[in-house]
Amino acid sequence: MKIHADFNYYDIGMWVNPEYRKQGYAKQIVGHLKTSCLREENILICGCAITNQASKKALEANGFQTVHNLLEYKF
C-alpha cells in the first residue's frame, strides 16, 4: 500500500489463515512483495506488533531489520 501520494514509499504486510501458519507462507508472501516492490524501485516500510514474533521472523528472513520500536503510553 502506498503511504504517501508524493513519494514511492510502500507499506507491505500479510495475513496468513491460522490453518496455514507455521508453514513458511508468510516468509514467501513477504519475499514476493519485496521483490515486486523493488522491481518498481519503490522504498519499502513494514512493521508488526512487538508481540508478533512470527511476523518479525518472516520480515527478518527477507532482510528487514528492526530500526524503531514503538512505545505505548497509557495515562
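Coordinate-derived values only; no laboratory data. Note that the structure is a prediction, hence the values are computed from the model and not measured. Cβ sites come from the backbone with ideal geometry, for glycine too, and all protein chains shown count toward neighbours.
Taking segment 25-39 and a reference point 7 angstrom along Cα→Cβ of Ala49, the backbone N atoms nearer than 19 Å belong to 26-27. Backbone geometry of segment 30-43 corresponds, through the Karplus equation with coefficients 6.51, -1.76 and 1.60 at θ = phi - 60°, to 3J(HN,Hα) couplings of 4, x, 5, 4, 4, 4, 4, 5, 5, 4, 8, 6, 8, 9 Hz, x marking Gly and Pro.
The alpha carbons of the chain give a radius of gyration and a Dmax of 13.6, 44 Å, in that order.
Amide H to amide H distances under 5 Å link Leu44 with Tyr10, where only residues 5 or more positions off or on other chains count and H is placed in the peptide plane. When the trypsin sites (Lys or Arg not before Pro) in the chain are filtered for DSSP coil states and for at most 10 other beta-carbon atoms within 10 Å of their beta-carbon, the remaining sites are Lys22, Lys74.
The ranking of Val30, Val67 by Cβ neighbour count inside 10 Å, starting from the fewest, reads Val67, Val30.
Hand me the chymotrypsin sites (Phe, Trp or Tyr not before Pro) from segment 1-51 located in a DSSP loop with no more than 15 other Cβ atoms within 10 Å, in residue order please.
Working: sites: Phe7, Tyr9, Tyr10, Trp15, Tyr20, Tyr25; in loops: Phe7, Trp15.
Here the chymotrypsin sites (Phe, Trp or Tyr not before Pro) that fit, given the DSSP loop and packing criteria, are Phe7, Trp15.
Put in line by how crowded their Cβ is, counting other Cβ atoms within 10 Å and starting with the fewest, Met1, Met14 read Met1, Met14.
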